[in-house]
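S.K.: Got a structure for you, written out below as C-alpha cells; questions coming shortly.
The values are calculated or read from the model by the stated rules, or taken from the named source; none is laboratory data. Just so we're clear, the structure is a prediction, and the values are computed from it rather than from any experiment. Using ideal geometry, Cβ is built from the backbone for each residue, glycine included, and neighbour counts are taken over all protein chains shown. Note: accessible area is taken over every heavy atom of the protein model, side chains too, but ligands, DNA and RNA are not part of it. Shrake-Rupley method; radii C 1.70, N 1.55, O 1.52, S 1.80 Å.
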Amino acid sequence: MLKNINWTKKSGILIIGICLSAMLLKYLVQPYRGTWIYQYGSLISLFVFYGGILWSLVNTILLFSKHKSDLKNNLIWIFLSAIPFLYIGIMMTIAMNQTLE
C-alpha cells in the first residue's frame with residue numbers, strides 16, 4: 001500500500017512526527033531548568049518545531065499544486081500535511097481572541 005505513495009505524501013506523516021517529537025522534547029527538558037541541557041534542548045525544540053511548521057506549509061503548497069487536477073482523491077494527504085500549519089494558525093487565533101476579551 002505504501003509502495004505507490006510518492007515522497008511528498010509520505011513527508012506529510014513525517015512532518016507530523018517531527019512536530020510532535022519537538023513538542024515532546026520541550027516537555028522532557030523541563031526538569032533540567034537552569035542547566036545546559038534545558039538551554040540547548042529548548043532551543044533545538046523550537047528550531048525543529050518551527051522548521052516542521054515551515055516544511056508543512058511548503059509541502060502543503062507543493063501537494064496542492066501537484067494534485068490540483070485530482071484534488072478529490074488527494075485531499076486527505078493535503079490535509080494531513082497541513083495539520084501542523086493549521087495547528088499554529090488555530091492556536092494563534094485562539095490566543096488573539098483571548099487577549100481581546
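S.K.: At a Förster radius of 30 Å, what calculated FRET efficiency corresponds to the Cβ-Cβ distance of Lys66 and Leu24, to the nearest 0.05?
M.R.: Using R0 = 30 Å, I get an efficiency of 0.45.
S.K.: Separate question: How much of the accessible area of segment 20-92, in percent, comes from carbon and sulfur atoms when a 1.4 Å probe is used?
M.R.: For segment 20-92, the apolar C and S fraction of the accessible surface comes to 76 percent.
S.K.: How big is the dipole moment of the chain about its Cα centre under a simple scheme where the beta carbon of each Lys and Arg is +1, that of each Asp and Glu is -1, and everything else is neutral? Debye, nearest 20, please.
M.R.: Dipole about the Cα centre, nearest 20: 360 debye.
S.K.: Can you work out the accessible area per residue across the chain, with the rest of the protein chains kept in place, probe 1.4 Å, in square angstrom?
M.R.: 74
S.K.: So, how do all the Cα-to-Cα distances of segment 35-80 break down into 10 Å bins, in percent, from 0 on up?
M.R.: 26, 32, 20, 15, 7, 0
S.K.: Work out, in µm²/s and without decimals, the Stokes-Einstein translational diffusion coefficient of segment 25-101 at 10 °C, 1.306 mPa s, Rh from Kirkwood over C-alpha pairs.
M.R.: The calculation lands on 108 µm²/s.
S.K.: Could you check the spin-label model distance between Phe79 and Trp36? Points 7 Å from the Cα along Cα→Cβ, value in nm.
M.R.: 4.7
S.K.: So, in Å, what gap is there between the alpha-carbon centers of segment 85-101 and segment 28-75?
M.R.: After rounding, the separation between the Cα centres reads 18 Å.
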